[in-house]
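One structure is given here, and the rest of the page talks about it.
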Amino acid sequence: MAVPSSARAFPSFQCRSDPDFSGGVPRHDLPNAGVRFSVKVKSLSRGSSVHGMSSLILRFPPNFVRQLSVKARRNCSNIGLAQVVAASWSNNHASPDFTPAAKAVDAASIAPFDITTGDEEGAVVEDSPRADRNVQIEDLTDVKYSSFLSSDGSIAIHAGERLGRGIVTDAITTPVVNTSAYFFKKTSDLIDFKEKKRASFEYGRYGNPTSIVAEEKISALEGADATLLMASGMCASTVLLLALVPAGGHIVTTTDCYRKTRIFIETILPKMGITATVIDPADIGALESVLNQKKVTLFFTESPTNPFLRCVDIELVSKLCHEKGALVCIDGTFATPLNQKVLALGADLVVHSATKYLGGHNDVLGGCISGPDKLVSAVRTLHHILGGAINPNAAYLIIRGMKTLHLRVQQQNSTAQRIAEILEAHPKVRCVYYPGLPSHPEYHLAKRQMTGFGGVVSFEVDGDLLTTAKFVDALKIPYIAPSFGGCESIVDQPAIMSYWDLKESERAKYGIMDNLVRFSFGVEDFEDLKADILQALESM
């Protein structure tokens, strides 16, 4: 979320300390008549803004809670106040020095976006130089968090919140704004908003103050111009493919990938005339061949991949694709922004299932895409049409989860690496798939483009379907579940969890053997996990 450097006039909300709330602004003139407090408008100078943004500040005297009546305390809850402030954005007249660049929110307001090559300039929106931003509020001046935050861990905690939060209270945590729409006090205010003369929110599907914070936090970690948060990782992937690949376009993807993504590419996109070529993640020759033979719109894959953790040479692939005018999108869910900087390696876009490591607690669904303004704008336009908006409560959980991301990933990297080495040496394990092992086919590549190898280890035990199931059932710590990346360890047998509807021979086409196990390590004690796994192997 960007912020202009021009000064603004925003209201500073101050709850009155007198119990009867007499005086001040008449109650019927307040944005929320259920909350009785006076409104004082004062102009915030450029120097007084944080992150370059003049913000809405809620100021409470030290004895605020004690002096409020029971009814007032009920109405002035943290969430209620946040909603009042959010709604008030649409009630303020634009000041003379307000930059007229409020965001367009409906699909019709953004011109068609042609991205058949990686070098297209994209659509231009009149009076809105950066209309791709995640909400309909004014751009905020970009701040380099690295100027005072030296690590991704600090950025994951403070980005989007300590600097430039759209709604500012004295609370450390970001408020959850539970509203489906935002009101306009007068029709003239609505017209000003539509003509991009004033900043505001409009409708919950187009933006929410809570979700913006999560988007800003992810953008800061990825080094991206913009991030778009959606209801799930699959929502992010499918909307991206639909938005960026034109009818009749061609996609290049890899043999190893999340099955639902493959199903979408193989069964849904062909209905729109979109075709795909599938190559091995490391087969650069195959990529060059298809780039020379076809007009490729997009290279889309994961790195590391699911479930064999194969790695793509992102820098080389990006160079080859860009020479032919193709975009590159990498799903970096398994790596996280801490272990791998996809955009810095040359990719155009990065996708994450925020359900996994970003949320990190197995309690939320979410997905996101990050990248340059013009590409995120194109996806945002279609997203506003299709829906798939993330709930503000889910956005809050992702914000909360990301504050411990660096601690969790550090622990998960360490545990996975050590367990992978133990498994590879165990007589009852046939093969281990982990980028941190020298035996991995892309080990040297992973060392070059990753700073950590993730918390998931896939391996094949010495046995058949039932023997493998016996091993899984003997484990005491991990849950048998289909996800990964959370605090709790999770284990699954892909032949049963994800491919049970296919025959054994059909599963084998994708490399899914009956004895394959995917283990996602949580943040439990390493020695406990080690003992649990070794005991389960001995029980086979």
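The values are calculated or read from the model by the stated rules, or taken from the named source; none is laboratory data. Being a predicted model, the structure only gives us computed values, none of them experimental. Here the Cβ positions follow ideal geometry from the backbone for every residue, glycine too, while neighbour counts run over all protein chains shown. Calculation scope for accessible area: heavy atoms of the full protein, side chains included, ligands and nucleic acids excluded. Shrake-Rupley method; radii C 1.70, N 1.55, O 1.52, S 1.80 Å.
Tabulated data
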quantity	calculated
Residue check, residue 370 in contact (Cβ under 8 Å) with a residue 40 or more places away in the chain, of a type in the set (Gly, Ala, Ser) and crowded, with 21+ Cβ neighbours inside 10 Å	yes
Unmet criterion (only one of (1) more than 15 Å from residue 530 (Cβ to Cβ); (2) in a helix (DSSP H, G or I); (3) small (Gly, Ala, Ser)) for residue 452	(2)
From 449, 493, 535, residue being open to solvent by 50 Å² or more (accessible area, probe 1.4 Å) and modelled with pLDDT of 95 or more	535
Any strands (runs of 3 or more DSSP E) falling wholly within segment 220-282 and containing at least 3 residues that are in contact (Cβ under 8 Å) with a residue 40 or more places away in the chain, within 18 Å of residue 342 (Cα to Cα) and open to solvent by less than 20 Å² (accessible area, probe 1.4 Å)	226-230, 250-254
Residues of segment 499-532 satisfying the condition of being open to solvent by less than 20 Å² (accessible area, probe 1.4 Å) and either outside the structural domain of residue 422 (by the TED database) or in a loop (DSSP other than H, G, I, E, B) (or both)	499, 512, 515, 521, 522
Test: residue in segment 289-303 that is touching a Pro at 6+ places or on another chain (Cβ under 8 Å) and aromatic (Phe, Trp, Tyr)	no
All positions within segment 164-183 that are at pLDDT below 75, more than 19 Å from the chain's Cα centre (by Cα) and part of a loop (DSSP other than H, G, I, E, B)	none
Those residues of segment 355-367 which are open to solvent by less than 10 Å² (accessible area, probe 1.4 Å) and either under 16 Å from residue 412 (Cβ atoms) or among the β-branched types (Val, Ile, Thr) (or both), in sequence order	357, 358, 359, 360
Search result, residues across segment 403-414 that are surrounded by fewer than 23 Cβ atoms within 10 Å (Cβ to Cβ) and either among the aliphatic types (A, V, I, L, M) or within 24 Å of residue 181 (Cα to Cα) (or both)	407
Leading residue by the ranking (surrounded by the most Cβ atoms within 10 Å (Cβ to Cβ)) among those in segment 415-433 that are over 24 Å from the mean Cα position of the chain (by Cα) and under 30 Å from residue 159 (Cβ atoms)	415
Residue count, segment 194-219 (criterion: part of a helix (DSSP H, G or I), touching a residue at least 60 places away in the same chain (Cβ under 8 Å) and not β-branched (Val, Ile, Thr))	7
Residues of segment 434-446 classified as free of Cβ contacts under 8 Å to residues at least 40 places away in the same chain and either open to solvent by 50 Å² or more (accessible area, probe 1.4 Å) or of a type outside the set (Gly, Ala, Ser) (or both), total	5
Identity of the residue in segment 345-361, in a loop (DSSP other than H, G, I, E, B) and among the hydrophobic types (A, V, I, L, M, F, W, C), that ends up farthest from residue 321 (Cα to Cα)	358
Complete set of residues in segment 455-467 that are assigned to a loop (DSSP other than H, G, I, E, B), open to solvent by less than 40 Å² (accessible area, probe 1.4 Å) and in contact with a strand residue (DSSP E or B) (Cβ under 8 Å, 6 or more places away or on another chain)	455
Some residue of segment 340-350 being of a type outside the set (A, V, I, L, M, F, W, C), more than 26 Å from residue 311 (Cα to Cα), open to solvent by 10 Å² or more (accessible area, probe 1.4 Å) and touching a residue at least 40 places away in the same chain (Cβ under 8 Å)	no
Condition broken by residue 416, with the remaining ones in (1) aliphatic (A, V, I, L, M); (2) within 15 Å of residue 534 (Cβ to Cβ); (3) out of contact with any Ser or Thr (no Cβ under 7 Å at 6 or more places or on another chain) satisfied	(2)
Residues within segment 384-402 that are under 17 Å from the mean Cα position of the chain (by Cα) and surrounded by fewer than 17 Cβ atoms within 10 Å (Cβ to Cβ), tallied	2
Qualifying residue in segment 294-312 (condition: farther than 18 Å from residue 446 by Cα and aliphatic (A, V, I, L, M))	yes
